[in-house]
Amino acid sequence: MNTSILVRAITLMFLSLALMIVYFMNGNSPTTVPVSLSLLVLSSLVLNYNRDPFSPEIPISAYYVVMIFFGLGVLACRDPQFFHENKYGEVMFLSMLAYGALHVGIFVSKLLRKKVSSRNICQCNEVNNCRYQYELDFQAMFITLLFFFALSAIGGIVFVERAGAIPILSKTKNFARVEAFSIPSNGYFFHIMQFALWAFLVHSVVFFYYKREGGVSSARHTFVSLCLLFGSFVFTASLLTLTGSRRFVLLCIFFLIAARHYVVKPFRIKWLVVTGSLGIAYITFFEIFRNPGKETTESFFVAFYFRLVTYIGNFEKLLSVIPSQYPFMHGKTFYMDILTMLPGKQMDYQSWVKMVTGQHFEGFGAPPTLAGDLYANFGTWGVVIGSFLVGFLAREAYNHLIIRRKTPWSIVLYVALLTRFIPIVTSGLSTQINLCTVMLFKLICIAVSYALARYLLRNLRRSSYVT
């Protein structure tokens, strides 16, 4: 990187922190909050500019700005007295430290791979001259995906049967969703249902790869392939949305766009902004649909506002009780969610946050953001070091799976990991460790099943050929 650009980025970052210090010294200047946050975001853009919209620095930063910084700025300008009287100044300080450390971690990872630029990746896609050194057996893949879609359907039937109703079609949708998941062992069947999600990701990459390699050679093949992809999309999104969760439709769309981006044609950043805006609108409308008649969902703008301040509000409440009432956890929260996989009833991490902060609302838990999660475990230095490691690991995954390798399976793994790195911003590291472990297990199951199907089909073809 050019030294002058690095100096500019560091200058903007320190100027942002200086303005934040001014805010602490003079609480009557709430406008310093959005200005300080804007300078920090600008410094990160200067430091880690990338043309690839699916490189980790782009979606993670965008999600951080919208769900954390935008909420802080709106709250500071709308109700400066409430902002100043509570611990939102500390929330802003720690959130800015986490954001800055994330980007420093990404920058360090890029320095270690400075000989390979992200521009080569985009140019490679544009001219269509990157050939995968990998051969897919599409018949074996079709059998594998069909098996996991069927397995997910069986898991869904059992889940609904045990719940006694379809949560999203119930009158009290959110309550029915909570009740369905509170039934002992129903979480296992929900995990079985989610095999469809990762099978759909594999299907998306395989579809575009098959099209790229000339497998779709006629109008009939194109129509059949598109119908299969559309059918798996509708099946996966519908099956998982029936549980009352809003995220699975967005994940399926994200998989399609990312697969096309890395296999066929790059997806431009401006269209990513449009798609992200529509995604936020969908989440807001879904919340109104799922919780009608509530104070927080009386209108679109009210629901959107509460969505923005929910995560920083949870963080502020956590700061109020740690370490004054509860000691630092020193990493104990990192395996709370993993223990919930064991028989019996164990408290998950976000439910623990909800309990210690004294919240009593209808729902599961209280996500405290990445900075809140790391602070609850190790204090301020934990926020800095932990966020640095998250940014570094996210970029390392991109370096190894996309820049250096980029096979169909590496694309699947990178996109899957990206869907775990992005929500770390709001849910925290403790929640995503368990989800990432379960996700990797499911992808391994799909890969092993494909290898087995491929092996059996090859033996069957050889025996038929000999005969």
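Only the coordinates and a few stated rules stand behind these numbers; no lab work does. These figures come from a predicted structure and were not determined experimentally. Every residue, glycine as well, gets a Cβ built from its backbone with ideal geometry; the counts of neighbours run over all protein chains shown.
Let's see if you can work this out: charge +1 on each Lys and Arg Cβ, -1 on each Asp and Glu Cβ, no other charges. What is the dipole magnitude of the chain about its Cα centre, in debye to the nearest 20?
With only Lys, Arg, Asp and Glu charged at Cβ, the dipole is about 1580 debye.
Taking the Cα atoms only, what angle lies between the long axis of helix 429-466 and the longest principal axis of the chain, rounded to 10 degrees?
10 degrees
Using Cα centres only, tell me the gap between the stretch 237-316 and the stretch 447-463 in whole Å.
Each part reduced to its Cα centre gives a spacing of 39 Å.
I'd like to compare 246-254, 60-68, 278-286: which one has the highest average count of other Cβ atoms within 10 Å, and what's the full order after that?
The most tightly packed comes first, giving 60-68, 246-254, 278-286.
Size of the dipole of the stretch 224-381 about the Cα centre, Lys and Arg at +1 and Asp and Glu at -1 on the beta carbon, nothing else charged, in debye to 20?
Its charge dipole is roughly 500 debye.
Compute the helix-to-body angle for 219-241: its Cα long axis versus the longest principal axis of the chain, expressed 0 to 90° and rounded to tens.
With both axes taken from Cα atoms, the answer is about 40 degrees.
Anything over 25 Å Cα to Cα? Flag those among K332/K354; K110/K332; K110/K442; K294/K354; K87/K294; K211/K406, in the order listed.
On the way: K332/K354 16 Å; K110/K332 31 Å; K110/K442 30 Å; K294/K354 20 Å; K87/K294 27 Å; K211/K406 17 Å.
Check vs 25 Å cut-off fails for K110/K332; K110/K442; K87/K294.
Roughly what would the spin-label model give for H221 and F301, points 7 Å off Cα along C-beta, in nm?
Inter-label distance under the simple model: 5.4 nm.
Quick one: angle between helix 195-212 and the longest Cα principal axis of the chain, in degrees between 0 and 90, rounded to 10, please.
Orientation of helix 195-212: about 60 degrees from the principal axis.
So, R0 is 22 Å and r is the distance between the beta-carbons of H360 and S324; what FRET efficiency does that work out to, to 0.05?
Computed FRET efficiency for H360 and S324: 0.60.
Under 8 Å for C-alpha pairs, at least 6 residues apart: give me the relative contact order for the chain, rounded to a whole percent. Write out the running numbers ahead of the final one.
Numbers: 566 pairs, mean separation 102.1, N = 467.
It rounds to 22 percent for the chain.
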